């Protein structure tokens with residue numbers, strides 16, 4: 001691909017954010033807060049994705065470019081189209097928000113002689129870094145402290161190239177869980193209906209809770225989709241809990257469902273950072289999850305309850321503890337909200353990201369001024 005030559009103010013920060021489907025799934029609402037926060041920080045922002053869902057992020061005046069997937073044999077032609085569209089306002093920074101966008105971001109950064117930044121939010125992202133040329137990358141923005149340690153110790157990235165920038169989201173003022181004492185407790189699990197999601201173990205756990213106490217009132221809400229849905233529906237029938245379980249398609253507005261729930265369950269845990277449990281914490285739900293060595297959101301007994309081996313018995317015991325003690329559940333939800341406010345503020349995310357962009361722009365401008373002064 002030929003190099004595009006442009007003249008621009010080196011201190012003007014124009015950022016292109018590249019995000020793939022996995023990045024949208026992982027970051028969700030945090031991506032919207034990042035883009036809008038960067039604009040508030042006087043950064044010119046464009047969002048680039050092959051996933052049409054970026055159009056639903058309600059980004060106002062921020063330009064979104066939805067491109068065709070970069071698949072062989074059309075990748076070169078489609079990349080050329082993307083470059084031509086961006087050339088009217090060449091980026092000074094290209095920022096890939098997930099591993100699936102690393103290659104595209106690298107090609108665009110080379111095309112426009114822009115600074116390249118890569119975000120890392122999962123072990124899968126870290127593995128991608130072990131197989132690619134990392135020399136052009138100016139900074140790695142890491143979502144969690146354990147992932148930062150992994151990149152330094154196992155991937156061999158220098159400490160001064162790593163920046164801990166936690167994804168940000170807004171925490172509600174009210175604690176959602178058990179806010180209405182007379183309401184039947186509601187468990188929410190948007191894990192999806194595929195093998196390994198753990199929804200089958202959660203259904204079995206709710207069946208156990210009903211058998212242990214037939215008078216217990218508890219509802220299970222399952223927004224999701226996937227090939228395992230028919231089998232999961234049959235399991236619900238076999239457990240005798242059909243009146244208490246609701247299957248719905250994935251929700252466009254998960255926040256509304258979170259405000260109406262009491263307990264959020266992630267029965268299989270996550271690998272790295274994921275926005276959905278953070279949203280549950282921000283809403284003030286009592287969160288139940290499996291272990292996650294690459295994430296630092298969940299502090300057992302303080303911000304969530306962690307099941308070391310989340311089988312149906314353990315899940316039933318953990319959820320039963322929350323249902324039996326609403327006061328403890330509300331304390332857990334309130335502590336989770338405070339953790340989000342302290343460690344995942346949207347303002348801190350946008351300010352730190354914009355500061356990195358400006359730092360790189362200033363270094364580039366200083367270097368060029370020095371070249372001009374020496375004539376080299």
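A few notes on this one:
- Check on residue 214, touching a strand residue (DSSP E or B) at 6+ places or on another chain (Cβ under 8 Å) and surrounded by fewer than 22 Cβ atoms within 10 Å (Cβ to Cβ): no
- Taken over region 314-334, the residue count meeting the criterion of being part of a helix (DSSP H, G or I) and surrounded by fewer than 23 Cβ atoms within 10 Å (Cβ to Cβ) is 14.
- So residue 196, is it at pLDDT below 95 and out of contact with any strand residue (DSSP E or B) (no Cβ under 9 Å at 6 or more places or on another chain): yes
- Restricting attention to region 273-287 and to residues that are in a loop (DSSP other than H, G, I, E, B) and within 9 Å of the chain's Cα centre (by Cα), the residue that is farthest from residue 252 (Cα to Cα) turns out to be 273.
- Residue match in region 300-313 (condition: within 16 Å of residue 147 (Cα to Cα) and either buried (at least 18 other Cβ atoms within 10 Å of the Cβ) or touching a strand residue (DSSP E or B) at 6+ places or on another chain (Cβ under 9 Å) (or both)): no
- Selection of region 37-67 for residues being touching a residue at least 40 places away in the same chain (Cβ under 8 Å) and either within 19 Å of residue 353 (Cα to Cα) or over 19 Å from the mean Cα position of the chain (by Cα) (or both) yields 37, 38, 40, 41, 42, 43, 44, 46, 48.
- Restricting region 232-257 to residues that are assigned to a helix (DSSP H, G or I) and without any contact (Cβ under 8 Å) to a residue 24 or more places away in the chain, the residue that is nearest to the chain's Cα centre (by Cα): 256
- Test result for residue 297, touching a helix residue (DSSP H, G or I) at 6+ places or on another chain (Cβ under 9 Å), assigned to a loop (DSSP other than H, G, I, E, B), outside the structural domain of residue 127 (by TED's automatic domain parsing) and under 23 Å from residue 259 (Cβ atoms): yes
- Hey, residue 206 outside the structural domain of residue 356 (by TED's automatic domain parsing), modelled with pLDDT of 95 or more, in a loop (DSSP other than H, G, I, E, B) and touching a helix residue (DSSP H, G or I) at 6+ places or on another chain (Cβ under 8 Å) or not: no
- Residues that are within 28 Å of residue 257 (Cα to Cα) and without any contact (Cβ under 8 Å) to a residue 60 or more places away in the chain, drawn from region 155-176: 173
- In region 168-184, the residues that are farther than 24 Å from residue 30 by Cβ and either surrounded by fewer than 20 Cβ atoms within 10 Å (Cβ to Cβ) or under 24 Å from the mean Cα position of the chain (by Cα) (or both): 179, 180, 181, 182, 183, 184
The values are calculated or read from the model by the stated rules, or taken from the named source; none is laboratory data. The shown structure was predicted, so the numbers you read here are calculated from the model rather than taken from an experiment. All Cβ positions, glycine included, derive from the backbone under ideal geometry; neighbour counts span all protein chains shown.
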